[in-house]
Amino acid sequence: MGECLRKACPCLETLWQRIFSDKKASPGEGGVHGGSGGGGGGGGGFSSSGEVRQPSPSPAPTLERVPESGCIYTAIWPFESRHTDELSFQEGDLFSVISRSGDWWTARRIDKNGRVLDTGIVPSNYLARAESLEMQPWYFGTMNRFEAQSHLLGPGNDRGAFLIRHSEKDNVGYVLSVRSLNRVKHFKIHGDENIFYVEHNHQFSSLIDLVEHYSINTLTNTGTLGNPCKRKKPTTPDLNHFTVDEWELPKEEFTLEEELGTGYFADVYRGRWKNIINVAIKILKSDSELNHREFQREVQILKSLRHRHLIALFAVCTATTPYYIITELMEKGSLLSFLRSPEGQNQDIAALVDMGAQVADGMSYLEEKNSIHRDLAARNVLVGEDYICKVADFGLARVIKEPFYITEDKKIPYKWSAPEAISHGMFSNKSDVWSFGVLLYEITTHGGVPYPALSNQEVYEQVSRGYRMPAPAKCPDFLYKIMLKCWSAEPGDRPDFKSLKMQLDSSSYELD
Ligand code: ADP
């Protein structure tokens, strides 16, 4: 194990010497794990109660030292603290983690000899296990082919630039993505935990060995691997660690920039928080109809829902009207406007199916959490820089919009709503599935209007009598079959989001 870690991270040789020199792992202590996982809370530096064990007698008694064999992390990005409890740090700084709570961890910054420099709270996605796969400059974690393409075709990357990622699809595993002149090729990495290969006749015991081999030797039809793909700095999942639990913030902390869009219920602006982070600021047009207690309760639930394909709610400002809702900023705006734009019109069917799969993934998480969206449509999905799609407007949509739906009949999104939701107000995950079928129609028509020839009332009548939209032009057969299943009259006959995600994943044309 020591050898493997030394090879993966030669810069930490002093630390490895301290960890491996004369130390014999006692039963239950386990030693340092060499696997690729990032979490791994069982490092030997912690007692079963989670307390930090005292380090063994230190030669310099006044200096605290990191416990022997504790899990060491490295900063892969610099970070500027935003709160007095947080640590600022530079890329390459070393940490010993004391406690992991959600996305913000308490850690000690240490030097190469394991001496503690300071202690504080750090964003976990800025760190990688020092000995882990995440630490490799070419490992990009979970990512789909479209995000990988966007990274590799971005500035600073030449022919041969490459990355290894873990596919979003459950059955694919690791994928090697390599840039040729102006396109990207994706190779599935076969094998199990101990064997990795792209070509059957060249098998390796680690991904590091595989990369080393193809950095020198040619990969069929592709050439040798060049430089690792340039990385983009991640965003933190919160404004700072404090807003995880304290999300009511004063409006003065935000500056409004240009308007991004305007809806029936809100105007949305690009903005900044304390001049540090870009955010989207949604200003509610009228709060008079709002049930304020319900609003606060819903915000509490929303803060606990976190998923790669759901918009993150950062904070709210409700001390004075109009209310502000602060969320992460999605550079390409709504999926509907994206699909209708020249860029959206250029997306091929594989890319469109992938967008559907991303939405199904986010919805499958909501389904797991017994949360119902009630207004799923392309206008309520947002698109980020790397074509990442995130479901927006869930939860709060009900509190904000329902009073209007009740009082102003015409505001009900008839064309997206399941018959039982319109007739009896019976919203469920299965009524969301109906709406998802309509969203697939919007995707495959590049933002077409559903039931183009029918009014809202006609849609309800016709659909109740069994009418269903015909397959859009060029819509693959499998996709239309999925839509029809989503539009089963009986909610129980509709698929769930988990299986929809799997079907969309496995029916794409290419590997991943
Ligand atoms: P409403 O619910 O009142 O219809 P929306 O939430 O749909 O308002 O927002 C209106 C528009 O603002 C969207 O169509 C989109 O273009 C833009 N928008 C909303 N949220 C964001 C965000 N987080 N990032 C970027 N643009 C956004």
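If I go through segment 458-478 residue by residue, how many of them are part of a helix (DSSP H, G or I) and without any contact (Cβ under 8 Å) to a residue 24 or more places away in the chain? So that I can check it myself, show each step before the final result.
Initially, segment 458-478 is screened for residues part of a helix (DSSP H, G or I), giving 458-464, 477-478.
Pick out the ones that are also without any contact (Cβ under 8 Å) to a residue 24 or more places away in the chain and you get 458, 461-462, 477.
Counting residues in segment 458-478 that are part of a helix (DSSP H, G or I) and without any contact (Cβ under 8 Å) to a residue 24 or more places away in the chain gives 4.
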> Within the set of pairs 6 or more residues apart or between chains, which connect a residue that is acidic (D, E) inside segment 101-119 to a residue that is part of a loop (DSSP other than H, G, I, E, B) and surrounded by 15 or more Cβ atoms within 10 Å (Cβ to Cβ) with Cβ atoms less than 7 Å apart?
Replying inline: D103/P237; D103/D238; D118/L87
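Rundown of residues vs (1) open to solvent by 40 Å² or more (accessible area, probe 1.4 Å); (2) among the small types (G, A, S); (3) over 24 Å from the mean Cα position of the chain (by Cα); (4) at pLDDT 90 or above, yes/no style:
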{"site": "A418", "(1), (2), (3), (4)": "no, yes, yes, yes"}
{"site": "G425", "(1), (2), (3), (4)": "yes, yes, yes, no"}
{"site": "S428", "(1), (2), (3), (4)": "no, yes, yes, yes"}
{"site": "K474", "(1), (2), (3), (4)": "yes, no, yes, no"}
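If you check S334 against the conditions, is it within 12 Å of the ligand (Cβ to nearest atom), within 17 Å of R379 (Cβ to Cβ) and surrounded by fewer than 21 Cβ atoms within 10 Å (Cβ to Cβ)? Even if it seems obvious, please write down each step before you answer.
Numbers: within 12 Å of the ligand (Cβ to nearest atom): yes; within 17 Å of R379 (Cβ to Cβ): yes; surrounded by fewer than 21 Cβ atoms within 10 Å (Cβ to Cβ): no.
So S334 fails the test.
Within segment 116-132, can one find any residue that is of a type in the set (D, E) and outside any loop (DSSP other than H, G, I, E, B)? Give the steps one after another, and end with the answer.
We begin by selecting, within segment 116-132, every residue of a type in the set (D, E); these are 118, 131.
Within this subset, residues satisfying the condition of being outside any loop (DSSP other than H, G, I, E, B) are 118.
Within segment 116-132 (the criterion being of a type in the set (D, E) and outside any loop (DSSP other than H, G, I, E, B)), the answer is yes, since at least one residue qualifies.
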>> Out of G384, G356, I need the residue that is away from the ligand (no atom under 16 Å from the Cβ), open to solvent by less than 20 Å² (accessible area, probe 1.4 Å) and touching a residue at least 40 places away in the same chain (Cβ under 8 Å). Which one?
In response: G356
> Which one of these does I208 not meet: (1) part of a helix (DSSP H, G or I); (2) within 16 Å of the ligand (Cβ to nearest atom)?
Replying inline: (2)
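Can you tell me which residue among K481, K498 is out of contact with any Pro (no Cβ under 7 Å at 6 or more places or on another chain) and either part of a loop (DSSP other than H, G, I, E, B) or without any contact (Cβ under 8 Å) to a residue 12 or more places away in the chain (or both)? Spell out how you get there, then give the answer.
Numbers: K498 fails: either part of a loop (DSSP other than H, G, I, E, B) or without any contact (Cβ under 8 Å) to a residue 12 or more places away in the chain (or both).
After ruling out the rest, the residue left standing is K481.
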>> Looking at A312, A319, can you tell me which residue is within 16 Å of the ligand (Cβ to nearest atom) and among the aliphatic types (A, V, I, L, M)?
In response: A312
>> Taking the conditions exactly as written (touching a helix residue (DSSP H, G or I) at 6+ places or on another chain (Cβ under 7 Å) and not in a loop (DSSP other than H, G, I, E, B)), does F95 satisfy them or not?
In response: no
> Only one of (1) closer than 17 Å to W138 by Cα; (2) touching a His at 6+ places or on another chain (Cβ under 7 Å); (3) crowded, with 19+ Cβ neighbours inside 10 Å is not met by Y197, so which one is it?
Replying inline: (3)
>> surrounded by 18 or more Cβ atoms within 10 Å (Cβ to Cβ), at pLDDT 90 or above and of a type in the set (D, E): which single residue out of E80, E86 fits that description?
In response: E86
> So, in segment 147-172, of the ones that are without any contact (Cβ under 8 Å) to a residue 60 or more places away in the chain and open to solvent by 20 Å² or more (accessible area, probe 1.4 Å), which residue ends up nearest to D386 (Cα to Cα)?
Replying inline: Q149
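With respect to K410, is the statement that it is over 19 Å from A351 (Cα atoms), modelled with pLDDT under 95, out of contact with any Ser or Thr (no Cβ under 6 Å at 6 or more places or on another chain) and of a type in the set (K, R) true? Spell out the reasoning first.
Working: over 19 Å from A351 (Cα atoms): yes; modelled with pLDDT under 95: yes; out of contact with any Ser or Thr (no Cβ under 6 Å at 6 or more places or on another chain): yes; of a type in the set (K, R): yes.
Against the criterion (over 19 Å from A351 (Cα atoms), modelled with pLDDT under 95, out of contact with any Ser or Thr (no Cβ under 6 Å at 6 or more places or on another chain) and of a type in the set (K, R)), K410 qualifies.
The values are calculated or read from the model by the stated rules, or taken from the named source; none is laboratory data. Because the structure is predicted, anything quoted here is derived from the model rather than measured. Because the Cβ atoms are built from the backbone with ideal geometry, glycine has one as well, and the counts that use them run over all protein chains shown. Ligands, DNA and RNA are stripped out before the accessible areas are found, and what is left, the full protein with its side chains, is counted by its heavy atoms. Shrake-Rupley method; radii C 1.70, N 1.55, O 1.52, S 1.80 Å.
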